[in-house]
Amino acid sequence: QVQLVESGGGLVQPGGSLSLSCSASGTIFSIISMGWYRQAPGKQRELVATVNRGGSTNYADSVKGRFTISRDNVDNTVYLQMNSLKPEDTVSYYCGAYIYTSQYDFGDYWGQGTQVTVSS
């Protein structure tokens, strides 16, 4: 009933830039927060960056100063601008959101993931 659709993944050279976007649609009453996470095969999913409705952000230390998260509350869309990319950033990135589907019902929702590859 709630869908998150991502775009922007792909191949980029070390030191380059890439931008990801994710739009939420479906039965949505309110989106409290949206964010980006990444997960390598056999590893735990880890936080990259999150932003709440008021604009407060949170970043992983590994991306601080290189990545910027932003949110369009009107269109229920979150973006991740990635600069100074490193080979270690090569992983699948997932869009996630904490969403109220009514005044009383809420939960976490995830996108399908998009691959980012940093290589020369």
Output for Cβ contacts, cut-off 6 Å, separation at least six or different chains, first residue within 23 Å of Pro14 (Cβ to Cβ) and open to solvent by 50 Å² or more (accessible area, probe 1.4 Å) in the stretch 77-99, second charged (D, E, K, R) and part of a loop (DSSP other than H, G, I, E, B), reads Asn83/Arg66; Ser84/Arg66
Hey, can you tell me all the residues within the stretch 31-55 that are open to solvent by 50 Å² or more (accessible area, probe 1.4 Å), over 16 Å from Tyr79 (Cβ atoms) and not basic (Lys, Arg)? Ile32, Gln39, Pro41, Gly42, Gln44, Glu46, Leu47, Gly54
Could you list all residues from the stretch 91-120 that are assigned to a strand (DSSP E or B) and in contact with a Ser or Thr (Cβ under 6 Å, 6 or more places away or on another chain)? Tyr93, Tyr98, Tyr100, Gln115, Thr117, Val118
Cβ-Cβ under 6 Å, sequence separation 6+ or interchain: first residue in the stretch 25-43 and β-branched (Val, Ile, Thr), partner outside any strand (DSSP E or B) and open to solvent by 50 Å² or more (accessible area, probe 1.4 Å). Which pairs? Thr27/Gln1
Assess whether Asn58 counts as being without any contact (Cβ under 8 Å) to a residue 40 or more places away in the chain, touching a strand residue (DSSP E or B) at 6+ places or on another chain (Cβ under 7 Å) and either open to solvent by less than 40 Å² (accessible area, probe 1.4 Å) or not aromatic (Phe, Trp, Tyr) (or both). yes
Every residue from the stretch 62-87 that is closer than 11 Å to Ile31 by Cβ and among the polar types (S, T, N, Q): Asn73, Asn76, Thr77
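The values are calculated or read from the model by the stated rules, or taken from the named source; none is laboratory data. On a predicted model such as this, the values are computed, not experimentally measured, just so you know. Don't worry about glycine lacking a Cβ; one is built from the backbone with ideal geometry, like all the others, and counts go over all protein chains shown. Protein only, heavy atoms only, side chains kept; ligands, DNA and RNA dropped before computing areas. Shrake-Rupley method; radii C 1.70, N 1.55, O 1.52, S 1.80 Å.
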